[in-house]
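A.B. asks: Sharing a structure with you now.
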């Protein structure tokens, strides 16, 4: 094994130890409807509100996201692990059938939104760049819905986990 391949595998192992929020990223428009489970979602700035979303370049869904020019990002609660598995392709449920499962609605920008998500953000894709093996989407957020309760769902060491809920108070 080459040193480059060893470095790639070590990087993947290191990233397996980086807990990440689980999201379902969706799109709907003239190019069709699709969605994927993604952990490579990151805030960029709040002025204007912008998220970075990374999707493997080999994904057949990239042309659909790019052509539609919009995304919905659903931050999942711990109760939505099964939905995360469906959209990760782990269950064999066809794409069209995934959106027929309970809990979906159409958001303000006509993107598929999960009713019980901790947060749902809809926006326009402003830029797409290819970096290594991934497409990097910069999404300018236009509409946000935030839940008032719930525990998060993270992906850590190649498994899903519920986040512990803690209440933080500031000392007087």
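What follows draws every value from the coordinates through simple rules; no lab data is involved. The structure presented is a predicted model; accordingly, all values stated were derived computationally and were not measured. Counting neighbours? That spans all protein chains shown, and the Cβs are built from the backbone with ideal geometry, glycine included.
A.B. asks: Can you tell me the FRET efficiency between residue 102 and residue 124 if r is taken as the Cβ-Cβ distance and R0 is 25 Å, rounded to the nearest 0.05?
C.D. replies: Using R0 = 25 Å, I get an efficiency of 0.35.
A.B. asks: If you take the alpha carbon radius of gyration of the chain and divide it by 2.2 N^0.38 Å, what ratio comes out, to two decimals?
C.D. replies: 1.07
A.B. asks: How far apart, in nm, are two points set 7 Å out from the Cα along the Cα-to-Cβ line at residue 91 and at residue 4?
C.D. replies: 3.9 nm
A.B. asks: I've got another one for you. With contacts defined as alpha carbon pairs under 8 Å and 6 or more residues apart, what's the relative contact order of the chain in percent?
C.D. replies: 26 percent.
A.B. asks: If you build a Gaussian network model of the chain, linking Cα atoms that sit under 10 Å apart, which residue out of 76, 51, 121 swings the most?
C.D. replies: Ranking 76, 51, 121 by mean-square fluctuation puts 51 first.
A.B. asks: Residues of segment 68-88 with amide nitrogen under 12 Å from the 7 Å Cα-to-Cβ point of residue 110?
C.D. replies: Residues passing the 12 Å test: 68-70.
A.B. asks: A follow-up question, please. Quick check: convex hull over the Cα atoms of segment 69-132, volume per residue in Å³, rounded to an integer?
C.D. replies: On the way: hull volume 7.8 nm³, N = 64.
Taking only Cα atoms, segment 69-132 has a hull volume of 122 Å³ per residue.
A.B. asks: Counting C-alpha atoms alone, how compact is segment 14-98: give Rg to one decimal and Dmax as a whole number, in angstrom.
C.D. replies: 13.3, 40
A.B. asks: Sort the following peptides by mean Cβ neighbour count (other Cβ atoms within 10 Å, averaged over residues), highest first: 125-132, 59-66.
C.D. replies: Working: 125-132: 12.0, 59-66: 16.8.
Order by mean packing, descending: 59-66, 125-132.
A.B. asks: Something else: Test of understanding: what is the full-extension gain from residue 42 to residue 59, defined as 0.36 nm times their sequence separation minus their Cα-Cα distance?
C.D. replies: Net length gain for the segment: 4.2 nm.
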